[in-house]
Amino acid sequence: MNKLQLTSQFKKDLKRYKHKAAVLDKLEAILKLLATGAPIPESNRPHLLTGNYKGYMGVTWKTIRCLYGMIKT
C-alpha cells in the first residue's frame, strides 16, 4: 500500500467540494486506486512530476483542476 501525501492545493480544492457527495465519491475511488497501486485510468491523466517532486506521481481529476494526489514511485 502506498502512502498518499496531500498538498496544500489539494486540501484547498477539497474544501471547495466538501458538500458535493457525488464528487467526493469519485475522488475517493481515485485515491483508493492510488493508495493500492492499481492502474490509474487515462481519463485521470496520471503523470510523473518534476522539480522538487521528482519521483512522485500526480493525478489530475477534471472536476478539480489543481488536484494532485501524490505517491512516491
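The values are calculated or read from the model by the stated rules, or taken from the named source; none is laboratory data. Here the structure is a predicted model, which means the values were calculated and not measured. Neighbour counts run over all protein chains shown; Cβ positions are idealised from the backbone, glycine included.
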Could you list all residues from segment 15-46 that are touching a residue at least 12 places away in the same chain (Cβ under 8 Å) and within 15 Å of Leu4 (Cα to Cα)?
-> Leu27, Ile30, Leu31, Leu34, Ala35, Thr36, Gly37, Ile40, Pro46
Would you please name the residue that is farthest from Val59 (Cα to Cα), looking only at residues in segment 19-49 that are assigned to a loop (DSSP other than H, G, I, E, B) and modelled with pLDDT under 85?
-> Gly37
